[in-house]
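Right, one structure below, let's go through it.
Just so it is clear, none of the values below were taken in a lab; they were calculated from the coordinates. Just so you know, these numbers come straight off a predicted model, no measurement behind them. Neighbour counts run over all protein chains shown; Cβ positions are idealised from the backbone, glycine included.
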Amino acid sequence: MGAPKGNEYWKARLFSGRAKIFEKPEDLANAIAAYFSDVESNPLYETQLIKLKGEGGKEMVKSFKRTLARCTTVEGLCIWLGITLPTFLEYEKRKEFTHVITCAREIMYERKLEGAAAGLYNASIIARDLGLADKTVNATSLKATGIKPIEWVAGAKD
């Protein structure tokens, strides 16, 4: 049996919608720090097989686990926090949360860039994710803009 027609039960509610997961920026900052800590303490593993020559020239295969660094992402953070990306973006719009989320994004950017530079991550994937790209300019594209390319000649003076 539903509520009677014309009722005004909705006026008795304390708030609209569900409660926010993070009421204060400090709560979100602590949760983000916990995510970063979790990523560092739970690396990925890769099993590699190596062929070795043992006694008498017999070949042996040994396996070992290699530790791989995990990459931090906004999507991974959202999953870890138990929220969706649109919810995360809504928190980012709130003035009191802007600083916390900006810091988290900067930390993720720096980790990805350093990890790619050190060879921990695939550099081309990280470059695409970070919006970095090698741009080449050729004479054909310059001709379309009306800019004349500079011709460098060995031994020519500037």
Packing-based order for 111-123, 59-71, using average beta carbon neighbours within 10 Å, highest first: 111-123, 59-71
Förster radius 41 Å - calculated FRET efficiency between residue 99 and residue 46, Cβ distance, rounded to 0.05: 0.65
Rounded to whole Hz, the Karplus (6.51, -1.76, 1.60) HN-Hα couplings of region 115-121, x for glycine and proline: x, 5, 5, 7, x, 6, 10
